Every structure is written in structure tokens, then in C-alpha cells.
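The values are calculated or read from the model by the stated rules, or taken from the named source; none is laboratory data. It should be emphasised that the depicted structure is a prediction, and the values quoted were computed from it without experimental measurement. Counting neighbours? That spans all protein chains shown, and the Cβs are built from the backbone with ideal geometry, glycine included. All accessible areas refer to the heavy atoms of the entire protein, side chains included, with ligands and DNA or RNA removed. Shrake-Rupley method; radii C 1.70, N 1.55, O 1.52, S 1.80 Å.
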Amino acid sequence: HGLFNPKDIPFAAAAAWAVYAAQCIASARTLPSYRLHAACGVAIGAALGVRSGGMFLLSYPVLAWLGRAILVSRSEPRPPLRAAGMRLGVCFAAAWVCMLAAWPWAQVSPLWHPLQGAAFAARSGWGGVTLFDGSLIPAQQLPRTYLPLWFAVTLPETYLLALGCALVLLLRTRRKPWLGRRQLGGALVAASAFGPLMAAVLLRPTVYDAQRHFLFIVPPLAALAGVSLTRFLRERTLSPGLRSVTCGALLGLGGMIAVDSVRLHPYEYVYFNRLIGGLPGAQARFETEYWGASYTEGLRWLAGQLQNRDLSVRVATCNHDQAVVEFLREHPELAQRVKLEQNADAADIFLATTRFGCPKTQGQVLHVVERMGVPFLYVVQRRALTSKGAL
């Protein structure tokens, strides 16, 4: 997602910094500084400047202070309420100013418009259908299992190994005290990873395009997985053989994921784990290459076929006309020979993704962009091109 996702990845990056700052507030040995709260606010504001639906991030520093007041050892003095309020005020002010700087519409009504935008984000009016577990379902009627199942089948297998390690550690340390600053910081990271997912299951906001709107929970999930694996491999009460097997499994899974990434390149975002049989197992059950990133590869193949031919073509797409426009802008030598056709029925070449039934378009399939035997894009020759000569 990092190379083409213009909203969810910047939001996830800012949210990761917000989580980091909040856990620093929670686990600080002394009274957290105003500077730390300002940094937390800037991170939250940067996220809100990308997606107004991130208002929930404001709860993270509040949870950090509640944890400091409730969960720390009773032998430690509780932080004064006034100090907490002033520091949270600095955090919220920094977040709001940073958000307004990036959002002209919010500047018109600095209080009402951001709240209105957040409410709209929670109940988006997108009325399309999405492929989920083999069925086409309207985005506003998806079951509560939508996001949990997507994460279950797309997170790399190393996360499953980390989950097993965490369960073993939890069972072995269940009688040890858990209260303290360090545990509070870890609890906040866990809340940032699982809290939004649980809220989505309960509230059922409008979601689509797999789990991309919730990619911001992956950084805290990765942190928890890393801590679980590290603690497990350093746990001296476990047998050396068990730790060696776990280390070998981690290396093996990492190598397997690396091989899959090479095979999928540059469409690594369509990765599915072995719980569902990888990408081939997910075909026809879940959305795969829904972004339309494969249009570039299809257009590049078409350009190669036209290179030594005195032939001009009209190209239509299923739902990504801008992909053709951008490709021709980067390849001006093709501008006179390749024209974007708005009417698919009048096109010579039709580029069809596997989404929304596009492959059902009539014509002869000339080329298929695929990975691991799973098609992403069909280059279809329409009947109108017959008189000009086949490619």
C-alpha cells in the first residue's frame, strides 16, 4: 500500500506516532512534559488532516492519563488533576491547529465542520458492492465479521506465530503482577490495536476495499507481535529446544513471506496467508487487485504490441480512465496512436479488472496480467478492431 495509497498510509503513519507518544505519556517515570503532549497533538492533527474519522485518536492521551491515575501502583503518588488537564489541553490544541492547517473546509467552521466530517466518515454513503467470502454484498450491509476475517486471512503467518508465543507467555505469567508503568504502556498499544477493531464490529461503520481503512492498526499489531516474539525467545524458563524451534519457524515463515512478495511484486498488497490457501485460495472469495494498479502493466503490454505496427487504437476501461490518461502523459509518443474512449462499446481495446464483473465484457482476451495464476486485468480486443488487424 505504501507506494500508491494516498490516504490510508499517511493516516496510519501519523496514527502510529500518536500511539507512540501516548504510550510514552502512559509509561513516563516522571510527570510527562508539555513537549511530549504537543508532539502527540501534532501527530493526531496530522492524522485528522488526512481523515476526519480519526477523532478517536484524541482518546489515546486521555486513556494514558486515566491509566496513570488508576492502574499504577498505589505506592506511587497520583498525578495532580490540574497538571493532567493542562497537558491534555496543549495536546488537543496542537491537534486541532494542525488539523485546521491542512483542511480548508474545516477552517470555515473550526468546531462544527470537523465533527460533521467525522460523522460522515463513520456513515459513508458509498453504495457499491464488495466481494466478501464468495458473495457480493452492499458495503452498508456487510456482516460484523468483515474486518476480523480480512485481517485473519491477510496478516502474514508470523503474526500467528507471535500470537501463539503470546498465549504461552500469558499462561506462564498469569499469577505475576501486571500493574505498573511498563505494562500500562503495553496495554495502551494493545488498546490502539484491538479497540478500533472491536468498535467497528459493534458499530458497523461503512467499510469497503478490504481492510484498507483500518491499516492504522497494523503498526501497533506489529509492535505487539515483535514484543511477544522477543520475550518468548528470551524466556529462560522455556526449554532451549522450544526456543530454537520457534526461532527456526520465524526464519522459515519470514523467508516464505519474502518469496511470496517477490512473486506478487508490484502487487504485494494482495497478499493472503496460508489459512485461506494464499492468493489462489482467495480468488473468487475476496477482492484481490481492487485498486486497479495493474492497469499500468496492461497498458505497457499494449504499448509493446503497437511498437512496430502502424495501428491506432481506442482504449476504454472499466472504472479507471485516469490510469490511461496518466500513462499517456508519461508516454507522449503514444498519444497519437492510443486514445481514451469513454464509450466501452465503441472501444477497440477494453481493459477489464476482475472487479464489478468487468471480465464479462465481450471480445477476445489478448493478454492477462496475473500473479500466482490469479488474473488481475484482462486486455480484451473488441470486434471493432478486427478490420484494422489483430494484435
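Some notes on this structure:
- Largest-first principal axis extents of the Cα set of the chain (Å): 87, 62, 38
- Under a model in which nothing but the beta-carbon of Lys, Arg (+1) and Asp, Glu (-1) is charged, the chain shows a dipole of about 1800 debye around its Cα centre.
- Cα-centre dipole for the range 1-151 with unit charges at Cβ (Lys and Arg positive, Asp and Glu negative), debye to 20: 520 debye
- Summed over the residues of the chain and divided among them, the accessible surface reaches 52 Å² per residue at a probe radius of 1.4 Å.
- Cysteines in the chain that, by Cβ-Cβ distance, have no pairing candidate under 4.7 Å: Cys24, Cys40, Cys91, Cys98, Cys165, Cys247
- Positive-end residue, the range 14-165 charge dipole about Cα centroid, Cβ charges, pick of Ser135, Pro61, Ile44: Pro61
- Contour excess over end-to-end distance, with Cα ends at Ala119 and Leu3 and 0.36 nm allotted per residue: 38.9 nm
- Area of Phe356 that stays accessible when all protein chains are in place (1.4 Å probe, Å², to 10): 100 Å²
- Cα gyration tensor shape of the range 147-260, rounded if a/c is under 1.5, else prolate or oblate by comparing a/b with b/c: oblate
- A 1.4 Å probe over all protein chains sorts Trp291, Trp150, Trp105 by accessible area into Trp105, Trp291, Trp150, starting with the largest.
- Here the accessible area of the range 235-381 is 53 percent carbon and sulfur, with a 1.4 angstrom probe and all protein chains present.
- Surface composition of the range 1-128: carbon plus sulfur atoms hold 69% of the accessible area, using a 1.4 angstrom probe and ignoring ligands, DNA and RNA.
- Residues whose amide H lies under 5 Å from that of Phe132, counting only those 5 or more places away or on a different chain, are Ile137; hydrogens are built 1.01 Å from N in the peptide plane.
- For the range 49-63 versus the range 193-212, the spacing of their alpha-carbon centroids is 15 Å.
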